[in-house]
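Worksheet: the structure to be examined is printed underneath.
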Amino acid sequence: MVALLLLAVGLPVRAWGASGDEFNRWVGLSNVLALSLGVVGFLLNVVDRRWHADEVFAKRLDQAADELTDQALKKESRALRGLLAAGQSGSAAADVRFAERLVVFAEAGSGWSGHLGEVGLFYQDHATGGRLVILGDPGSGKTVLAVQLLVQTLEARQEQPDGQTRRLLPVPVRASLPTWNVDVPFEEWLTRRLVADYGMRRQEATALVAARRVLPMLDGLDEMDPQDGDPQRARRAVARLNDEYTAGERGAPLVLTCRNDEYLALGQPVRPATEVVIQPLTPDQIRDYLRLEVGTSARPDTWKGWQLLLDQLDTDVGIELLHALNTPWRLTLAVTYGRANGHPSSLLRQIDASGAEDSDAYHSRVRKLLLEQFIPTRIRVLDSTANTAQITAWLRTVARHLAWQQQHGMAGTDIVLHQWWHIAGSRRVRRWHACTNVALLVAGFAVIFSAFSRFDPLAVTDTVRYYLSPLSVFYFFYILVGAFFVLVITAWCQLAWSTGHQEMVRPKGASLQQLHTPQGRRRLARELPRNLAVGFGCGFVLSAFVVGSLPSEAALVVSLAVSFTFALTFALTAGLTPLDAAGFNPRDALRNDLVNWLALSLAAGLSLLLSLSPWLKGRDWGIGLLFIAAFGFVITLGATLTSGLAANAWLRYVLALWLTRREGILPLGFGRFLNRCHQAGILRESGNAYQFRHLELRDWLQHPPQPSYQAASPNTLTPTDTAQN
């Protein structure tokens, strides 16, 4: 080391005092030494990085797991508040009780039980291998229990101060099983969900899943197949979980929810796993909850009727009423019914001259009574003047389209906006999309042609007359240029048509919501320098073709303007790659698609305006600026849209809404409508989708007992009908 230091200092000193050939000899020796040291240093740096690569990657995984914990906790805490809300501020959760079920891999007759707030401790102490299956009747609170377990587990991990201990705690992440294509390996699907929902780098997500540092909480096994069909997808899902998702010789930790009867019908349970069954609510729980949610706001005479009803819960007469109200979901419906000033006596078994109504008729009538009041009452909490009949009709259309989605291999629970265009008829929307693309392209060329003619109708007429004159007046150059432009326009129109006819469209563009997450900020910081360099390079190359005849000052302005526009576009597009908008507002994906399209077009117009402004000296600035801005905006607008680079999903969504609005089956502001229903507690958010708060509500809307809604055009209620139009 000392010798190298002496050489590094001595050689330049000797060269400084030499001259002629002696100087060149010492400089040559210095260069050889510098090159050798540089190569050796580079190799040592590579070896050091490889040597410590595992340690560095382990630290990155720890950081990624901690960041995932923070994000998931914020997201699921918000979801839990929405699930527990009973329609007004200060609502409390109906305390769900669960009890361990006797299964093959559980201790027979253990009798372990607990309350909603104790589920985290129960999972930690009694779940076999960290695998828990939550079973229960419809509306019993399976999702609430799972999300409560998720939140408690996340809080415990976040509060663990010791890094080594925290590393051993997997990060619970909720995923909707109906979105899993069971032909895809489970680990691959789970990795995609982490990348899409939380913006993780694929390498980190893959490593976390492979190391079993993610605890998947899988909701909705019973929703993977149609209700009356053979549960083929659910059976295959359980088989893949048993065979593939393992940790050594044991099954890897997971939590799964399913309806009790549907789980038994599968014929093959998740092994090994502890199974818990959510118990029906007791009369005391029902009374306490209704006193809290209805008794505090009801009039004295109304509450007297409720009190008489609740007193019958422990009697033989009230056994049917108890069965009708013994789940948290039904209790939520009863609370909503009470706030709608519903008469409590209507919830009792009716007796007339022919005798008491039978059990099936009673349960059907009470179900219809509670569900009919749920949507109007929830809507009136937000807007007392809203047309609740129209809103219910729109929600019926949404529910029926979800049934169509399930029949065609899509999720029957998820309302994903950029996939909602199928409701107006798949073929019809694609035809409209293709025609709109071509029309916009032709309109853009018409604007450019008019700009060349200075937007003067007489000049446009003269130009057309000139180009339609006999070919003998044309120069050969004009013929070649004209043929070239005809070919370009034809090819562009073909591209626009084929882009509009694509089977699948996905939102594209920068997702500014990612700046709210550590992963998004880190990705932007990583991609920004590299893509700024690429953008500046492309910009300078392009500007070199247009600045040759300009003065040096103008050339500098033009080069910087073009280069900066290219650089910013490259950097933002690559650095803010969209995340399917899951984890954010379900409307963000389409909004980003539109904003990105307009931003790119405006940036191109501004760049062209700055680039060509030096040529406007001594000319008509008003017409010149208008022409340049219009040219750049229209060219980029048409290029990005017709080639599918931006706004493809947004345009198809808007066309579908326009078609359905004409027929009166959906509102034009469909995204705002869904958001209002979410605020009212009718829908819930799940990643990049909206879902009905409960399957019973969706099923009732799909098959109302006495349908009173007639669409303006019944043939357009499902895509299978409109596809033939």
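The values are calculated or read from the model by the stated rules, or taken from the named source; none is laboratory data. As the structure is a prediction and not an experimental result, all values here were calculated from the model. As a convention, Cβ positions derive from the backbone with ideal geometry for all residues, glycine included, and neighbour counts pool all protein chains shown.
With touching a residue at least 24 places away in the same chain (Cβ under 8 Å), crowded, with 20+ Cβ neighbours inside 10 Å and not assigned by TED's automatic domain parsing to the domain that holds Gly338 as the only criterion, which of Leu370, Leu395 stands out? Give the steps one after another, and end with the answer.
Values: Leu370 fails: not assigned by TED's automatic domain parsing to the domain that holds Gly338.
Every option except Leu395 fails the conditions.
Which members of the range 390-415 meet the condition of being outside any helix (DSSP H, G or I) and at pLDDT 90 or above? Full working, then the answer.
Of the range 390-415, the ones outside any helix (DSSP H, G or I) are 408-415.
Within the range 390-415, Ile415 is the sole residue that qualifies.
The sole residue among Arg684, Arg698, Arg676, Arg672 that is under 21 Å from Lys74 (Cα atoms), of a type in the set (D, E, K, R) and modelled with pLDDT of 85 or more is Arg684. Just one of the listed residues (Ala273, Ala265) is without any contact (Cβ under 8 Å) to a residue 60 or more places away in the chain and assigned by TED's automatic domain parsing to the domain that holds Ser176, and it is Ala265. A Cβ distance below 8 Å, combined with a sequence gap of six or more or placement on separate chains, defines the contacts here; from the range 69-90, residues that are on the phi > 0 side of the Ramachandran plot and not assigned by TED's automatic domain parsing to the domain that holds Leu333 reach residues that are of a type outside the set (Val, Ile, Thr) and modelled with pLDDT of 85 or more in the pairs Gly87/Arg378; Gly87/Gly681. For the range 300-316, does any single residue satisfy the condition of being surrounded by 19 or more Cβ atoms within 10 Å (Cβ to Cβ), touching a residue at least 40 places away in the same chain (Cβ under 8 Å), of a type in the set (Ser, Thr, Tyr) and assigned to a helix (DSSP H, G or I)? No: the range 300-316 contains no residue that is surrounded by 19 or more Cβ atoms within 10 Å (Cβ to Cβ), touching a residue at least 40 places away in the same chain (Cβ under 8 Å), of a type in the set (Ser, Thr, Tyr) and assigned to a helix (DSSP H, G or I).
I'd like to check something: does the range 336-344 contain any residue that is surrounded by 21 or more Cβ atoms within 10 Å (Cβ to Cβ) and hydrophobic (A, V, I, L, M, F, W, C)? No: zero hits. Within the range 133-152, the set of residues being more than 26 Å from the chain's Cα centre (by Cα) and closer than 18 Å to Arg698 by Cα comprises Asp137, Pro138, Ser140.
Please work out which residue is surrounded by the fewest Cβ atoms within 10 Å (Cβ to Cβ), limiting yourself to the range 220-254 and to residues that are part of a helix (DSSP H, G or I) and touching a strand residue (DSSP E or B) at 6+ places or on another chain (Cβ under 9 Å).
Residues of the range 220-254 that are part of a helix (DSSP H, G or I), as a first pass: 221-223, 232-244.
Next, only the ones that are touching a strand residue (DSSP E or B) at 6+ places or on another chain (Cβ under 9 Å) stay: 221-223, 234, 237-238, 241-242.
Numbers: Leu221: 28, Asp222: 24, Glu223: 25, Ala234: 24, Ala237: 23, Val238: 23, Leu241: 23, Asn242: 16.
Here the residue is Asn242.
Please name all residue pairs, on different chains or six or more residues apart, with Cβ atoms under 7 Å, provided the first residue is in the range 349-365 and is over 21 Å from His703 (Cβ atoms) and exposed (fewer than 15 other Cβ atoms within 10 Å of the Cβ) and the second residue is among the basic types (Lys, Arg) and at pLDDT 80 or above. From the range 349-365, the pairs are Ala356/Arg349. Scanning the range 255-294 for residues that are more than 28 Å from Leu169 (Cα to Cα), small (Gly, Ala, Ser) and surrounded by 18 or more Cβ atoms within 10 Å (Cβ to Cβ) yields no hits at all.
Does Thr377 meet the test of being free of Cβ contacts under 8 Å to residues at least 24 places away in the same chain and over 28 Å from the mean Cα position of the chain (by Cα)? Break it down stepwise before answering.
Numbers: free of Cβ contacts under 8 Å to residues at least 24 places away in the same chain: no; over 28 Å from the mean Cα position of the chain (by Cα): yes.
No: the conditions fail for Thr377.
Is it true that Gly199 is small (Gly, Ala, Ser), buried (at least 22 other Cβ atoms within 10 Å of the Cβ) and in contact with a Ser or Thr (Cβ under 9 Å, 6 or more places away or on another chain)? Yes. Selection over the range 97-139 of residues that are closer than 30 Å to Ala334 by Cα, surrounded by fewer than 19 Cβ atoms within 10 Å (Cβ to Cβ), acidic (Asp, Glu) and at pLDDT below 85 gives a count of 1. Would you mind stating whether Tyr289 is in a helix (DSSP H, G or I), in contact with a strand residue (DSSP E or B) (Cβ under 7 Å, 6 or more places away or on another chain) and either among the small types (Gly, Ala, Ser) or touching a residue at least 24 places away in the same chain (Cβ under 8 Å) (or both)? For Tyr289, the condition - in a helix (DSSP H, G or I), in contact with a strand residue (DSSP E or B) (Cβ under 7 Å, 6 or more places away or on another chain) and either among the small types (Gly, Ala, Ser) or touching a residue at least 24 places away in the same chain (Cβ under 8 Å) (or both) - is not met.
Quick test for you: out of Ala211, Ala239, pick the one residue that is farther than 25 Å from Leu154 by Cα, at pLDDT 90 or above and aliphatic (A, V, I, L, M). Write out each step before concluding.
Working: Ala211 fails: farther than 25 Å from Leu154 by Cα.
Every option except Ala239 fails the conditions.
Helices (runs of 4 or more DSSP H) fully within the range 146-219 that include at least 1 residues being among the small types (Gly, Ala, Ser), touching a residue at least 40 places away in the same chain (Cβ under 8 Å) and closer than 19 Å to Glu118 by Cα: none found.
When every residue of the range 129-136 is checked against the conditions, at least one turns out to be under 15 Å from Val276 (Cβ atoms), β-branched (Val, Ile, Thr) and in contact with a Cys (Cβ under 8 Å, 6 or more places away or on another chain).
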